[in-house]
């Protein structure tokens, strides 16, 4: 029986195979391409905490709700160490493409962000309908992955929330018709508006 320490590894960007990673294009990227994005992209791994796209990891199955005996769930076990890492990062703007359980495992509280001088933008895809903007659930990971693909290569030049939103809009993706910031505090929302299909 193969165990994690002896399992073969690959770049995290290739090993992670979910909808978000496919939409971001990491599976098709070369190792050199992944390394070029290492400074811009952090993956939140249930098993390994934060990993970079080119970090070698084995394939595994786990979730943030997996329980580890007295440690509780993986999400709970990671919360303090990952938040400490984020608060010590030199970058002061994070764009979170995570689903709620993964964001809860790493994102500091508003007060902690204020103390550390951080701002976190959580990506919320919505669809524009005749009745207004409606949250997307089924395709949310896909669109968050596409946001990651747009922002990753440009991350060094994106120092403000408005610049992030403008970069998405100017990317020219036909179905992404708008992006705007909601909230002025350290924990804000980057609302991504998707065209309604009639």
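The values are calculated or read from the model by the stated rules, or taken from the named source; none is laboratory data. Please read these numbers as outputs of a predicted model, since none were measured by experiment. Methodologically, a virtual Cβ is constructed for each residue, glycine included, from the backbone with ideal geometry; neighbour enumeration extends over all protein chains shown.
If you go through the range 68-75 one residue at a time, do you hit one that is modelled with pLDDT of 95 or more, touching a helix residue (DSSP H, G or I) at 6+ places or on another chain (Cβ under 7 Å), under 29 Å from residue 138 (Cα atoms) and not in a loop (DSSP other than H, G, I, E, B)? Looking through the range 68-75, none of the residues is modelled with pLDDT of 95 or more, touching a helix residue (DSSP H, G or I) at 6+ places or on another chain (Cβ under 7 Å), under 29 Å from residue 138 (Cα atoms) and not in a loop (DSSP other than H, G, I, E, B). Quick one: residue 115 ticks every box in (1) modelled with pLDDT under 95; (2) closer than 26 Å to residue 176 by Cβ bar one, so which box is it? In the conditions (1) modelled with pLDDT under 95; (2) closer than 26 Å to residue 176 by Cβ, residue 115 misses (2) alone. Among the residues of the range 53-66, not a single one is surrounded by 17 or more Cβ atoms within 10 Å (Cβ to Cβ), under 18 Å from the mean Cα position of the chain (by Cα) and without any contact (Cβ under 8 Å) to a residue 24 or more places away in the chain.
Output yes when any residue across the range 15-34 is touching a residue at least 24 places away in the same chain (Cβ under 8 Å), touching a strand residue (DSSP E or B) at 6+ places or on another chain (Cβ under 6 Å), farther than 16 Å from residue 152 by Cβ and surrounded by fewer than 20 Cβ atoms within 10 Å (Cβ to Cβ), and no when none is. Checked against the condition, which is being touching a residue at least 24 places away in the same chain (Cβ under 8 Å), touching a strand residue (DSSP E or B) at 6+ places or on another chain (Cβ under 6 Å), farther than 16 Å from residue 152 by Cβ and surrounded by fewer than 20 Cβ atoms within 10 Å (Cβ to Cβ), the range 15-34 yields no hits at all.
Mind checking whether some residue in the range 180-193 is under 15 Å from the mean Cα position of the chain (by Cα), assigned to a helix (DSSP H, G or I) and either surrounded by 15 or more Cβ atoms within 10 Å (Cβ to Cβ) or free of Cβ contacts under 8 Å to residues at least 12 places away in the same chain (or both)? No, there is no match, as no residue in the range 180-193 is under 15 Å from the mean Cα position of the chain (by Cα), assigned to a helix (DSSP H, G or I) and either surrounded by 15 or more Cβ atoms within 10 Å (Cβ to Cβ) or free of Cβ contacts under 8 Å to residues at least 12 places away in the same chain (or both).
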